[in-house]
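The values are calculated or read from the model by the stated rules, or taken from the named source; none is laboratory data. In this text the structure is predicted, and so the values were computed from the model without any measurement. Note that each Cβ is placed from the backbone with ideal geometry, even for glycine, and that neighbours are counted across all protein chains shown. Accessible surface areas use protein heavy atoms only, side chains included; no ligands, DNA or RNA. Shrake-Rupley method; radii C 1.70, N 1.55, O 1.52, S 1.80 Å.
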Amino acid sequence: MTETIKLTVAQAIVKFLNQQYYSVDGKEEPFVEGFFGIFGHGNVLGLAQALQEDPGHLKVYQGKNEQGMSHAASAFARQNLRQKIFAVTASAGPGSANIVTAAGTAAANNIPLLIFPADVFATRQPDPVLQQIEVDYSPTITTNDAFKPVSKFWDRIERPEQLMGSLIKGFEVLTNPATTGPVTICLPQDVEGMSYDYPVEFFNKRVHHLKRVSPDNQELQSASRLIAKSKNPILVVGGGAKYSEAQEVIKEFATKFNVPIVETHAGKSTIDSDFEYNLGGLGILGTSAANIAMKRSDLVIGLGTRYTDFTTSSKTIFNSEAQFININLNRVQTYKFDAVQMVADVKKSLEMLIDAVGDYRSKINNLADLKNDWNDERNRLANIKFDDKNFEPEIKGQFDQVLLNKYSAQLNTEYTQTRALIKLNDLIKDSTIVAAAGSLPGDVQRIWETNKFNTYHMEYGYSTMGYEVSGALGVRLADENEEVYALVGDGSFVMLHSELLTSLQYNKKINIILFDNSGFGSINNLQMGHGSRSYGTEFRDYKNDVINVDYAKIAEGYGAVSYKVNNEADLIAAISDAKKQSRSTLIEIKVLPKTMTEGYDNSWWRVGLSEVSDREQIDRLVSEQNEMLKNAKQY
């Protein structure tokens, strides 16, 4: 007779999560680190009660905003190379709905995120309950149905015994690198407290193994033949390469076969920036070196990349004759660009390809020149100074001298963004940075140098404004011995910075580097660069004056150590002192608008232009876009 144990649904969840382990290359560790939770009606008397009674090894952190704490959870998983996770829980209705954006972020980036949103009563007896939406045509629909499009697995537990199958399926998704992403298991608030006689064996230790899938012989031979025929191959290092921990074999492949490396946002910091074959970021936000090399390449070898529009310059960056080899655990991704498909682990595939290709060597001979030219450009960007008489910013033809002088006076700064950023890079070279939205992702993708593995944490799959501060907390929890810096614009900081308080509450130090140009600067660039006037993208008050916010004072109010920076000497002093602090810091850097980097060779971006307009420049851009599309890949 099967031995059983009587537990509530919530107690069973906690007990099960404590028994999940992940094994990678023989190293076995608990998979679930703990919970982020905001407890309210729907989970405070169920899941919160179970955690209070017996959390096991699970750590529990009180979030301050449901979206923010969920970003922290996904950042933790990402920084741990998807080998550890936090679960998240929130109250029914708007509390759980606040997690949907974070679920979308995790889904777009293929990051495991376990979500337990509280739900309405399964019995329906007290309907409609507090914060329940009523859908006339179906009483089965609740707020939590909004999670379906952004979940890799979704379920609602309406009977206690359903939990077992749901958790098993959910953890298969969470621990499968080919399909991983958000797993949403909705918990009706009455069901959370219902009891059931669960089989004891259901709570036995479970070890989920990361299987390094090898390419089969046909995949290997097809790829090696294509490489042997190519003259100018190139490696595109995506996030999958980082998660595979393939850095050493990528460098071996590049060196042996004389193959340049370019990086996606997710792939950057897999390979050291100063590695001789690394040409940096690719695409719309790429370096001139990477984009020129890609245009010359006759064979593109994608290593764990999704080929987003920012990587491919809306599918215009490739040589029209280029062929593709795609190495990815997700079969769908290998089919892109009619590639030779290798549905396999990046690290394992390259190890086998090195042997299969033999003594091949490419015909490429100008990599040093491309890299040197880019380094010269980076040095120029590092030394740009503002002149109130005759200054031409990097983003040209949008703000005139009079307007730039007004910004300089109102923000009390002459500091340019590229100069500040490159100096910051020098000051915190080996620390991890977190970025996500605005103009900063473009700048750091081009000019930030990383020479330590996995120290560049960029959320650009969804580019979620407000991810940065929360993400920094998740990174800090992943490695409590290293400094972490959230690079955030003023627009993104205003949207979401709630987990700064959480970092202070639990003494988990993060550093926020806030670049303030008083507006949604990157969108203003996009707007004006495509023929529109500035409209709704600058921070101006009712008198049309530029708004100057004291962000340092906001951070100080939370209890953080704060600094104000208007020049390079201020920045050097602030970073030096911030490193000595034991609690979270915020460094507010006032920078001039239009002083971020602009696009380099082959960095065209397809955007939604108006085909009917009263502005001649927009009409011209529509015509130019139609011409560009003639040379773009269609799928």
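For the range 51-78, filtering for residues that are under 15 Å from THR502 (Cα atoms) and assigned to a loop (DSSP other than H, G, I, E, B) leaves 3. Within the range 268-300, the set of residues being more than 23 Å from the chain's Cα centre (by Cα), buried (at least 24 other Cβ atoms within 10 Å of the Cβ) and part of a loop (DSSP other than H, G, I, E, B) comprises just one member, SER297. Filtering LYS268, LYS229 for residues that are farther than 17 Å from ASN110 by Cβ and of a type in the set (Lys, Arg) leaves a single hit, LYS229. A single member of TYR467, TYR456, TYR460 is among the hydroxyl-bearing types (Ser, Thr, Tyr), open to solvent by 10 Å² or more (accessible area, probe 1.4 Å), farther than 19 Å from ILE384 by Cα and out of contact with any Leu (no Cβ under 6 Å at 6 or more places or on another chain), and it is TYR460.
Among residues of the range 497-514 being in a helix (DSSP H, G or I) and among the hydroxyl-bearing types (Ser, Thr, Tyr), the one that is surrounded by the most Cβ atoms within 10 Å (Cβ to Cβ) is SER503. Of the listed requirements (1) under 19 Å from VAL343 (Cα atoms); (2) touching a strand residue (DSSP E or B) at 6+ places or on another chain (Cβ under 8 Å); (3) of a type in the set (S, T, N, Q); (4) without any contact (Cβ under 8 Å) to a residue 12 or more places away in the chain, GLN162 misses just one: (1).
The set of residues in the range 423-446 that are of a type in the set (A, V, I, L, M) and either surrounded by fewer than 22 Cβ atoms within 10 Å (Cβ to Cβ) or under 17 Å from the mean Cα position of the chain (by Cα) (or both) comprises LEU427, ILE428, ILE433, VAL434, ALA435, ALA436, ALA437, LEU440, VAL444. With respect to the conditions (1) assigned to a strand (DSSP E or B); (2) open to solvent by 50 Å² or more (accessible area, probe 1.4 Å), VAL183 falls short on a single one, namely (2).
Return yes or no: is GLN67 at pLDDT 95 or above, of a type in the set (S, T, N, Q) and surrounded by fewer than 18 Cβ atoms within 10 Å (Cβ to Cβ)? For GLN67, the condition - at pLDDT 95 or above, of a type in the set (S, T, N, Q) and surrounded by fewer than 18 Cβ atoms within 10 Å (Cβ to Cβ) - is not met. Residues in the range 301-326 that are over 21 Å from the mean Cα position of the chain (by Cα) and either assigned to a strand (DSSP E or B) or not β-branched (Val, Ile, Thr) (or both): ILE301, LYS315, PHE318, ASN319, SER320, GLU321, ALA322, GLN323, PHE324, ILE325, ASN326.
Scanning the range 114-126 turns up at least one residue that is farther than 16 Å from PRO182 by Cβ, open to solvent by 70 Å² or more (accessible area, probe 1.4 Å) and free of Cβ contacts under 8 Å to residues at least 12 places away in the same chain.
Residues being over 28 Å from the mean Cα position of the chain (by Cα) and without any contact (Cβ under 8 Å) to a residue 40 or more places away in the chain are represented in the range 556-564 by at least one member. Just one of ALA472, ALA486 is in the same structural domain as LEU424 (by the TED database), part of a helix (DSSP H, G or I) and closer than 30 Å to ASP309 by Cβ; which is it? Of the residues listed, the single one that is in the same structural domain as LEU424 (by the TED database), part of a helix (DSSP H, G or I) and closer than 30 Å to ASP309 by Cβ is ALA472.
Taken together, the residues in the range 459-469 that are assigned to a loop (DSSP other than H, G, I, E, B) and under 19 Å from PRO112 (Cβ atoms) amount to 5. Restricting PHE36, PHE16, PHE116 to those that are among the aromatic types (Phe, Trp, Tyr) and in contact with a Gly (Cβ under 8 Å, 6 or more places away or on another chain) reduces the list to PHE36. Is it true that LYS594 is part of a loop (DSSP other than H, G, I, E, B) and modelled with pLDDT of 95 or more? Against the criterion (part of a loop (DSSP other than H, G, I, E, B) and modelled with pLDDT of 95 or more), LYS594 qualifies. Counting only residues that are hydroxyl-bearing (Ser, Thr, Tyr) and under 30 Å from SER408 (Cα atoms), the range 501-519 holds 1 of them.
Residue-level check: of (1) under 30 Å from ALA107 (Cβ atoms); (2) surrounded by 18 or more Cβ atoms within 10 Å (Cβ to Cβ); (3) in contact with a helix residue (DSSP H, G or I) (Cβ under 8 Å, 6 or more places away or on another chain), ALA420 misses just (1).
Scanning the range 597-635 for residues that are part of a loop (DSSP other than H, G, I, E, B) and of a type in the set (A, V, I, L, M, F, W, C) turns up TRP604, TRP605, VAL607, LEU609, VAL612, ALA632.
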